[in-house]
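What follows is a single structure, written as C-alpha cells, with notes after it.
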Amino acid sequence: MPTLSKIRPRSHLLTLLTLGFALRATPALAGIEVEVHGVEDELKANVLAYLSFERYKNSKELTQDFVERLQERSEREVKSALRPFGFYEPTVTSNVEHEKGRNEDDYKVTINVTPGAPVVVENVYVNVSGPGASDRVFTDITGNPPIRKGQRLNHSDYETLKGGLLRAAATYGYLDARMIRSEMRVDPVSRVADIDISLETGERYRFGTTTIHQDAVDEGLVRRFVRYRQDEPFNASELLRTQFALDDSLYFSTVEVLPELRDTDEHIVPISITAEPNRRNRFEYAVGYGTDTEARGTAAWENRLVNRRGHRFRTEVRAAALDQSADARYIVPIGDPAIEKFTLQFTGEHERRADTDDRNLDFMPNFTHVVDSWIGGNVQWQRVTYVELLRTKTEFIESNDTTQQTLLIPGISFSLVPRGYLGETLFNRTLYFELRGSNRQLGSDSDFLQGRVTAERVIDFPKRFQKWHVLVRGDIGATALSKTSDLAPSQRFFAGGDRSVRGFGLDDLSPVRQVVDSTGKTVFEKIGGKHMFAGSLEIIRDVGKNWAVAVFGDAGNAFDSFGDPLMYSAGIGVRLRLPAVSVGIDVAQALTTPAGDNDRPGPRLHLNFSPKL
C-alpha cells in the first residue's frame, strides 16, 4: 500500500498539467482603448458610434490581424460619421499601439481628425401646395425652418424639415398628402448644398361618426369624455387626448380610440372607441416620511362605479405624527367629466400646529369647473366654488385655553392649469388664489373675509447658460376682521416648513402671546396670525442628466400687522429629476430668531417636491 509521501509528487504534477491545459484553452484577455482628437460633442459621439474599434473594443477574439483590419476601416468610417454634419473632406489619421502584458493584449487607438471646411447651405426651397398650403400647421414650419441659407449643412436638420411637414400632414388630417420632391444636392468641391422640398397637401379630412363599444357606464357619459366633435377637422392628437381622458376616468381597464378606414370620397374618418370595464373597488395603502410630517401612512378605499352615471365614492384615512384625518367624498361627474365634477366631502381632522391643537369636523359641497383664462396664453382656470360648514375646537397647548366655533364659509378659488388639462396631478401652482369668508348673519360665530394668492415660476436662462435655472415662489394671505381673537385658530395663518420658509420648523413662525403654563411658568405661546407671507428664490445649476444643485434664500412670517418683521433663511440643496417632478433635499439655516424663541434655530434638513426643471 503506497504511503502518503509517495502520492504527493504525483498529485502535484497532475495539478500543474491541468492548469497548463486550462490556461492554453482560455483566450487571452484583450481590450481596445479608443481616443478621438480634433472633434467634440455630437461630432465626436457620432465618430465613436461609427468606429468598428469602438464596437469591438471588448471583444475576446482580438488578434493583431483583426486589429489591422479595423484600422483599415477607420478612415472611411470617420468620413462617413462627419458627412451628416456637413464635413465632406476631413483629414483622418490613426495610430495603434500594441501593449502586450503577462495576462492580456491591450491596444491603444488614437484617431486624429481635422474636419476641414464645412459644406454650407446655399439655397433652401420649401413649397407647400394644395388646399392646406395656407394652414398654420404648415406655415409655422416653412416660416421658421430648421435649416437656413448660410448655415453649415446638417443632414438631421434636413430630415427634421421633411419629417415635420409629413408629421403635420398626418396629424392634422391631410391624410392624402404626398412629397412631390425632397432633394438635398451637395457639391463637395464647391462646399455648397441646395435643399429642395415640395409637398402637396390634398384635402383635409374631418371626423366622422364615433362608434362606442363598452358596457361600464352610460354611453352619453363616454361621449362627454371625447375631445373632438363630429365634422371638425381631423386631429390625431385629439384621439390621444380622448384615450388619456378615458384611461384617467378609472372606469375602464383598457381603452382603444382608433381611426377606422377613411372615406376618400367624402374625406371623413370614422372613429371607434372600445373599452373594457375596470374593477369596481380599489384599495390603496401607503407609508412615507416627510421632514414636516415625520412618519405618515394612508389607507383608502374607492368605489369607482357606484352606478352607470359614473358616480364614485372614496374614503381615506391618513395618520402622521402631527396630523390625523378621515375623509369621505361622493363625486358626481358634470359637464366635461374629465375635469368637472360636483363633490360632497366630509372630513374629520386632528391637527397640531405650533402651540395649537385643532379638532375639526367639516362638511363641504363643492363644484369644480374649468373656464377660459382672461390673461390669455395657453392656459385656463380651474374654478372651485364651495360652501363649508365647519365645527372647529382648538386647545392652546401652553395655556390650556379652549375655544370652539361653528362657521358657515362660502368660498371660491381659481388655479391656473395648462390648456388641455385632463385632471392630472400638478406639482406646482403657477398661479392660485382663493377668497373665502364668514358672516354672523349666516349663522356663523364670527365675521371675517380672507384671501390667499400663491404663485410659482421656473425661469430658464438663454441657451448659452442653459444649465442654469431660477425658481421663484411666493405665498401671501390676508384676513379682514376687527381682532385676531375673533378668528378661529384653525383659520389663522402659520409659516415655516418645507414649502414655506425653510430653516424653520413646520408652523414655527407665528405671532405669540405671553401666558402662564400648567407649572406656573411664564412662556410664549404661538397662536397664528391674521396675515402671512412666504417667498423663495432658488438658483439651480445642472450637474448631470438627472441631478442639479441649488442655493436659495427664503423670507416670510405669519403676523397680525403688515409692518411686523420678516424671518430670513438661506441654504443649499440637491435636486433629483424624476419623470414629472424634481425631488429636493435641502439644508437651510435660519438667519433670524423668531418671536417666542430665545435662540436662533440651527440647520434643518428639508425634503420637498418642485416642478421638473
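The values are calculated or read from the model by the stated rules, or taken from the named source; none is laboratory data. No experiment lies behind these values; they were computed from the predicted model shown. When we count neighbours, we look across all protein chains shown, and the Cβ atoms used for this are built from the backbone with ideal geometry, even at glycine.
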Quick count over the range 405-453, residues being more than 30 Å from ASN235 (Cβ to Cβ), free of Cβ contacts under 8 Å to residues at least 40 places away in the same chain, in contact with a strand residue (DSSP E or B) (Cβ under 7 Å, 6 or more places away or on another chain) and part of a loop (DSSP other than H, G, I, E, B), is 3
Subset of the range 223-256 (residues that are touching a Gly at 6+ places or on another chain (Cβ under 9 Å) and of a type in the set (A, V, I, L, M)) = ALA236, ALA245
Going through the range 373-404 one residue at a time, which ones are part of a loop (DSSP other than H, G, I, E, B) and among the aliphatic types (A, V, I, L, M)?
-> ILE375, ILE397
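Condition check ((1) in a strand (DSSP E or B); (2) under 28 Å from THR403 (Cα atoms); (3) assigned by TED's automatic domain parsing to the domain that holds GLY556) across all residues:
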| residue | (1), (2), (3) |
| --- | --- |
| ALA455 | yes, no, yes |
| ARG464 | no, no, yes |
| VAL470 | yes, no, yes |
| ARG502 | no, no, yes |
| LEU506 | no, yes, yes |
| SER518 | no, yes, yes |
| VAL523 | yes, yes, yes |
| ALA534 | yes, yes, yes |
Listed residues SER510, SER536; which is within 15 Å of ASP597 (Cβ to Cβ), of a type in the set (Ser, Thr, Tyr) and surrounded by 14 or more Cβ atoms within 10 Å (Cβ to Cβ)?
-> SER510
Which strands (runs of 3 or more DSSP E) sit wholly inside the range 247-297 and have at least 2 residues that are closer than 20 Å to PRO333 by Cα and within 25 Å of the chain's Cα centre (by Cα)?
-> 252-259
Among the residues of the range 546-554, is any polar (S, T, N, Q) and within 17 Å of GLY496 (Cβ to Cβ)?
-> no
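Residue-wise test of (1) among the polar types (S, T, N, Q); (2) over 26 Å from VAL78 (Cα atoms); (3) within 33 Å of the chain's Cα centre (by Cα); (4) assigned to a strand (DSSP E or B).
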site: THR93; (1), (2), (3), (4): yes, no, no, yes
site: LYS108; (1), (2), (3), (4): no, no, no, yes
site: ASP140; (1), (2), (3), (4): no, yes, yes, no
site: GLU159; (1), (2), (3), (4): no, no, yes, no
Applying the selection to the range 586-599, what residues are modelled with pLDDT of 90 or more and either surrounded by fewer than 21 Cβ atoms within 10 Å (Cβ to Cβ) or over 21 Å from ILE527 (Cβ atoms) (or both)?
-> ASP586, VAL587, ALA588, GLN589, LEU591, THR592, THR593
Flag for ALA177 being farther than 30 Å from TYR421 by Cα, modelled with pLDDT of 95 or more, among the hydrophobic types (A, V, I, L, M, F, W, C) and touching a helix residue (DSSP H, G or I) at 6+ places or on another chain (Cβ under 9 Å) = yes
Boolean, SER272 is loosely packed, with under 15 Cβ neighbours inside 10 Å, in contact (Cβ under 8 Å) with a residue 60 or more places away in the chain and of a type in the set (Gly, Ala, Ser) | yes
Subset of the range 195-243 [among the small types (Gly, Ala, Ser) and over 29 Å from the mean Cα position of the chain (by Cα)] = SER198, GLY202, GLY208, ALA216, GLY220
Whichever residue in the range 346-390 is surrounded by fewer than 18 Cβ atoms within 10 Å (Cβ to Cβ) and small (Gly, Ala, Ser) and, among such residues, is farthest from the chain's Cα centre (by Cα) = GLY348
Of all residues in the range 167-191 being of a type in the set (Lys, Arg) and under 15 Å from PHE87 (Cα atoms), the one that is surrounded by the fewest Cβ atoms within 10 Å (Cβ to Cβ) | ARG185
Would you please name the residue that is modelled with the highest pLDDT, looking only at residues in the range 28-46 that are in a strand (DSSP E or B) and exposed (fewer than 14 other Cβ atoms within 10 Å of the Cβ)?
-> HIS37
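Okay, residues lined up against (1) of a type outside the set (S, T, N, Q); (2) on the phi > 0 side of the Ramachandran plot; (3) part of a strand (DSSP E or B):
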position	(1), (2), (3)
GLY310	yes, yes, no
ALA326	yes, no, yes
ASP336	yes, no, no
ILE339	yes, no, no
VAL371	yes, no, yes
Matching residues, the range 142-157, being outside any strand (DSSP E or B) and touching a strand residue (DSSP E or B) at 6+ places or on another chain (Cβ under 7 Å) | THR142, PRO145, ILE147, ARG148, LYS149, GLY150, GLN151, LEU153
Only unsatisfied item for SER190, checking (1) farther than 26 Å from ASN127 by Cβ; (2) at pLDDT below 95; (3) not basic (Lys, Arg), is (1)
